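Before we start, here is the structure in question, set down as structure tokens.
The values are calculated or read from the model by the stated rules, or taken from the named source; none is laboratory data. Nothing here was measured: the structure is a model prediction, and the numbers come from that model. Note: ideal-geometry Cβ built from the backbone for every residue, glycine included; neighbour counts use all protein chains shown.
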Amino acid sequence: MRSDQATPVKLSDYRVPDHVVTQVHLDVVLHPTATRIRATSEVAPHRQGRAGAPLVFDGDGLMLASIAIDGVALATDAYAATPDRLTIHQPPRGPFRLTVETVIDPQANTQLMGLYRSSGTWCTQCEAEGFRRITYFPDRPDVLAVYTTRIEAEKKAAPVLLGNGNLVEAGDLPDGRHYAVWHDPHPKPSYLFALVGGDLAVVTDSFTTRSGREVALGIYVEHGKEDRCAYAMDALKRSMRWDEEAFGCEYDLDVFNIVAVSDFNMGAMENKGLNIFNDKYVLALPDTATDQDYAAIEAIIAHEYFHNWTGNRITCRDWFQLCLKEGLTVFRDQEFSSDMRSRAVKRIADVRLLKSHQFAEDAGPLAHPVRPEIYHEINNFYTATVYEKGAEVIRALKVLIGETAFRAGMDLYLARHDGDAATVEDFIACFAEAGGRDLSQFFLWYRQSGTPEVSVATRHDAVAGTFTVTLSQRHRPTPGQTDKQPMVIPLAFGLVGEDGRDRPLLDEDGRQVAAVITLDEPQKTVTFSGHPTRPVLSINRGFSAPVALKTDLTAADLAFLAGHDGDAYNRWQAIQSLATEHLVGASRGNTRPGGADAIAAALAHVIDGAAADPAFAAQALTLPSEADIAREMGAEVDPAAVFAARKTLKLHLSASLGDRLAALRERFATPGPYSPDAASAGRRALVNVALDLWAASGDDARLAVVEARFAGADNMTDRFAALAVLAQHPGARREAALAAFRERYRTDALILDKWLALQAAIPEDGTLARVEALLADPAFAMGNPNRLRALVGGFATGNATQFNRPDGAGYAFLARVVTDTDPRNPQVAARLLQAFRSWRALEGGRRSLARAALERVAGVAGLSPDVRDIVDRMLS
Ligand code: 0A1
Ligand code: ZN
């Protein structure tokens, strides 16, 4: 296994490969511990490569069994093969056929990269650099080849054999064996290669593309889980249709298969024609999945499908361009979900996620640009910055150049770069051309890390009837970046009059102006006329730019916007700002008199108007999280004080809004059997968030109602929501409900993950001991990423007071799990370790305990490059 890789990879070092592979024939004989792979590649020197260069192919932990060129075995002095590299000293000057044979052990592959086994199924994960764990190959995204894969296995162990592309041949062999041959006509990089072999059930369907191609759809799952695939299949068909309508992208093979596996490092993978999924994002029934699970399945099914064009047909030149496929595909899946559900509510959910994950990343030691320029371990760059900020940057581009130019730019990109391994420059050039403008300043969004801060000051002149807005931008230093340039920041806005309606936007000369201010200098002042009375500024509407905003809006302005802003996103934001300001103050021991009452009044208004959009009301009633408050505080954070401040506010709201909250249960009860549609989900979300606030008082009669809802629920959403409320309140009711849930789902690991995560998040001193005990529960398995993320990840990222215990035991626990996990699965270990990413913002005592824990990790010999990279950056 690789460890402590020393030399970083730099964008500026990019060179074309010396050799390319245009076609590959893979012959794979599956075996649990000795799978044999014969790879025959058509190799040619690259036109712009170095003439006469040796051939160097990547490997990772490989053993070469044989090697031949054009059918002739190579003399041992003609090449050198180490586990991580194959070198042919003097390869032929023209095209030739190289055959290499390797033997690998899928059973022993606990990293879950390359070819591995999950519950007896052989499957692959090749992004980013996993293909080199299967065979020697130029394992880089700019080498595009046509793949033909023959898979052979014992028929009993693997009746199902799947590959990329279309099935061209299959048949039986002697001795109970069989084979299948798959051919993918679309040239692709090695990271999109996949194969699956196993004893799986399949659910089938079909889709006819707009030009009339019949596509056979299959979702492969463990036997007995067939009834849990219907929602994923439906989401897939809706994705295929939507991509045709919204982006003109049509599917391009006769087959599209999805395989759900139970051991997977990430969410899912877009392998050409053969998407492989973490089963968490496929399987759903009303009794097993929450509304949130359904929404995540819809989004991830769509995301992987949309990669077929943005990622697969147009791929990345190198891994620095990761956002080219990821940011764009997240943007596309967000648009899809917005069209399927409520746009405003989706936007709020996306911004919540962005702020909690990406803003936190950008503010700490792991900050990096959307397009990084250096990395030690590419696996650590599948980040919120590359994905979520990468999507936000595209959204901001759309606001900046307008919808028409944006669509024209997308069309141009898809047409011009089909079949290419492209760069972010190629992408942006299409919009510059389509919009007829210079986007070089815009490109800073890809190069500068950190969240831009925008300050807004306003001045009203009643005599002149003018309203003046002064905006300025500030960029704090981030790792490796001290001097930054002013960026171009498109801020959608409106001026809201006393009647709650937007006033006309007129410049000083009375001319109508656009509803976007583009801040492209350090400071900018804009004056509007026609305002004898002061309007209220609603800015960054729809979160048009991913910035941290500081405004001079008063608490009264915020309350007004919460009730009247025509932009739903900003109505939500106003409430959040009101609550956050209060909670930040309270966490530092300063509360403004009447602060909690003002919040209660705003929420009462939300409740009274909830019928207009229950899902929106649910978002508005959800208080800022502990992490949200900590992020706003920025430094010297005491998580116990944050928790106490939030708890106090909840108690206040529980008391003052009690009857209103209770009434929501009746008003918004969902009639009839469970349906995961957005409208019903919105009603449930509202009822359940109200239940949580209402029961926050801890009053026994209220908890009895919650307990009854838990026992009587006919779907997972309501059952789990009630359980989560009970979990906040120590006592017999909680323990009984947890035990009942455990018993009901005892054979369903995926559902017990919810049970593990919920207990890990209990904000009480006893939780660490509970978590340690759960490590020994049969529901837990250290080797399974979902289990680890649920229990240990749930504790480290979902339980601010207990992970940040003042005695440091939470930190020590995480450090221990990370170092234990690292030798087995470095990627998962490195991800868990990122729970420390905001450690520098803690108050002194916790800060030094966190540092000590990180230093202990750093001191472990033989760390993987993944963990070494994270811990080094965290401490530097
Ligand atoms: N491209 C996938 C993400 C992914 C990345 C790495 C993986 O293996 C370690 C797996 C999946 C996506 O964006 O969905
Ligand atoms: Zn993706």
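May I ask you to say which residue of A349, A405, A422 is farther than 30 Å from T7 by Cβ, of a type outside the set (D, E, K, R) and touching a residue at least 60 places away in the same chain (Cβ under 8 Å)?
A349
In contact with a Lys or Arg (Cβ under 7 Å, 6 or more places away or on another chain), crowded, with 20+ Cβ neighbours inside 10 Å and at pLDDT 95 or above: which single residue out of V771, V706, V792, V687 fits that description?
V687
Still on this model: Restricting the search to region 428-442, which residues are crowded, with 16+ Cβ neighbours inside 10 Å and either farther than 29 Å from Q358 by Cα or in contact with a helix residue (DSSP H, G or I) (Cβ under 6 Å, 6 or more places away or on another chain) (or both)?
Answer for region 428-442, where residues must be crowded, with 16+ Cβ neighbours inside 10 Å and either farther than 29 Å from Q358 by Cα or in contact with a helix residue (DSSP H, G or I) (Cβ under 6 Å, 6 or more places away or on another chain) (or both): C430, F431, E433, A434, G435, L439.
Can you name every residue in region 670-699 that is of a type in the set (A, V, I, L, M) and outside any helix (DSSP H, G or I)?
Correct list: A696 only.
Restricting attention to region 310-343, and to residues there that are of a type in the set (G, A, S) and under 15 Å from A295 (Cβ atoms), which single residue is farthest from ligand 1 (Cβ to nearest atom)?
S342
Something else: Scan region 477-503 for residues that are closer than 26 Å to T533 by Cβ, surrounded by fewer than 14 Cβ atoms within 10 Å (Cβ to Cβ) and not charged (D, E, K, R) and jot them down.
Once the filter is applied, which keeps residues that are closer than 26 Å to T533 by Cβ, surrounded by fewer than 14 Cβ atoms within 10 Å (Cβ to Cβ) and not charged (D, E, K, R), region 477-503 yields only G500.
With the structure loaded, tell me whether M233 is surrounded by fewer than 22 Cβ atoms within 10 Å (Cβ to Cβ), hydrophobic (A, V, I, L, M, F, W, C) and either within 13 Å of ligand 1 (Cβ to nearest atom) or closer than 10 Å to Y305 by Cα (or both) or whether it fails that test.
No; evaluated as a whole, the condition is false for this residue.
Would you be able to say whether some residue in region 630-638 is of a type in the set (K, R) and surrounded by fewer than 17 Cβ atoms within 10 Å (Cβ to Cβ)?
Checked region 630-638: no residue is of a type in the set (K, R) and surrounded by fewer than 17 Cβ atoms within 10 Å (Cβ to Cβ).
Something else about it: Select from region 855-876 the residues that are buried (at least 23 other Cβ atoms within 10 Å of the Cβ) and of a type outside the set (D, E) and list them in ascending order.
Scanning region 855-876 gives V857, L863, S864, V867, R868, I870, V871.
Please go through (1) touching a strand residue (DSSP E or B) at 6+ places or on another chain (Cβ under 8 Å); (2) touching a residue at least 24 places away in the same chain (Cβ under 8 Å); (3) farther than 27 Å from A612 by Cα; (4) of a type outside the set (A, V, I, L, M) for P546 and return the number of the only condition it doesn't satisfy.
(1)
Given the conditions (1) small (G, A, S); (2) crowded, with 16+ Cβ neighbours inside 10 Å; (3) free of Cβ contacts under 8 Å to residues at least 40 places away in the same chain, which single one is not true for G165?
(3)
Every residue in region 277-305 that is among the hydrophobic types (A, V, I, L, M, F, W, C), in contact with a helix residue (DSSP H, G or I) (Cβ under 6 Å, 6 or more places away or on another chain) and within 10 Å of ligand 1 (Cβ to nearest atom), please.
I300
Being away from ligand 2 (no atom under 16 Å from the Cβ), closer than 30 Å to T747 by Cα and of a type in the set (V, I, T) is the filter here, so list the residues in region 221-260 that pass it.
Within region 221-260, V221, V259 qualify.
Let me ask another. I'm checking my understanding of the structure. Among residues of region 3-46 that are at pLDDT 95 or above and among the small types (G, A, S), which one is farthest from L98 (Cα to Cα)?
Filtering first and then ranking leaves S12.
Taking N308 and the conditions (1) within 15 Å of ligand 2 (Cβ to nearest atom); (2) out of contact with any Cys (no Cβ under 8 Å at 6 or more places or on another chain), which numbered condition does it fall short on, given that it satisfies the others?
(2)
Just a yes or no: is a residue in region 810-817 at pLDDT 95 or above and surrounded by fewer than 21 Cβ atoms within 10 Å (Cβ to Cβ)?
Yes, region 810-817 contains at least one residue that is at pLDDT 95 or above and surrounded by fewer than 21 Cβ atoms within 10 Å (Cβ to Cβ).
Further question on the same structure: Can you list the helices (runs of 4 or more DSSP H) found entirely within region 814-876 that contain at least 3 residues being free of Cβ contacts under 8 Å to residues at least 40 places away in the same chain?
Hits in region 814-876: 844-858.
Return yes when A722 is free of Cβ contacts under 8 Å to residues at least 60 places away in the same chain and among the aliphatic types (A, V, I, L, M) and no when it is not.
yes
Starting from residues that are of a type in the set (S, T, Y) and farther than 30 Å from G712 by Cα, keep the ones in region 266-324 and report whichever is surrounded by the fewest Cβ atoms within 10 Å (Cβ to Cβ).
If we take residues in region 266-324 being of a type in the set (S, T, Y) and farther than 30 Å from G712 by Cα, then T315 is surrounded by the fewest Cβ atoms within 10 Å (Cβ to Cβ).
Please give the number of the condition R702 fails out of (1) outside any helix (DSSP H, G or I); (2) in contact with a helix residue (DSSP H, G or I) (Cβ under 6 Å, 6 or more places away or on another chain).
Against the list (1) outside any helix (DSSP H, G or I); (2) in contact with a helix residue (DSSP H, G or I) (Cβ under 6 Å, 6 or more places away or on another chain), R702 comes up short only on (1).
Something else: Which members of region 91-134 meet the condition of being assigned to a helix (DSSP H, G or I) and either within 20 Å of L192 (Cβ to Cβ) or of a type in the set (S, T, Y) (or both)?
Passing the criteria: P106, F131, R132, R133.
Is there any pair linking a residue in region 283-309 that is under 21 Å from E250 (Cα atoms) to one that is part of a loop (DSSP other than H, G, I, E, B) and away from ligand 1 (no atom under 13 Å from the Cβ), with Cβ under 8 Å and at least six apart or on different chains, and which?
Pairs found: I301/V282; F306/C249; N308/C249; N308/Y251; N308/D252; W309/C249.
Can you pull out the residues in region 334-346 that are more than 15 Å from ligand 2 (Cβ to nearest atom), without any contact (Cβ under 8 Å) to a residue 60 or more places away in the chain and hydroxyl-bearing (S, T, Y)?
Passing the criteria: only S338.
Specify the residue that is nearest to ligand 2 (Cβ to nearest atom); the eligible residues are those in region 319-333 that are touching a residue at least 60 places away in the same chain (Cβ under 8 Å) and out of contact with any strand residue (DSSP E or B) (no Cβ under 8 Å at 6 or more places or on another chain).
So the residue we want is E326.
Oh, and also: Within the group D263, D293, which residue is within 20 Å of L195 (Cβ to Cβ), among the charged types (D, E, K, R) and away from ligand 2 (no atom under 15 Å from the Cβ)?
Only one candidate qualifies: D263.
Still on this structure: Say whether the condition of being in contact (Cβ under 8 Å) with a residue 40 or more places away in the chain, more than 30 Å from L322 (Cα to Cα) and over 31 Å from the mean Cα position of the chain (by Cα) is met by at least one residue in region 103-126.
Yes, region 103-126 has at least one match.
Considering A596, A574, A601, which residue is buried (at least 18 other Cβ atoms within 10 Å of the Cβ) and in contact (Cβ under 8 Å) with a residue 40 or more places away in the chain?
A596
What are the residues in region 699-714 that are farther than 12 Å from H729 by Cβ and small (G, A, S), if any?
A701, A708, A711, G712, A713
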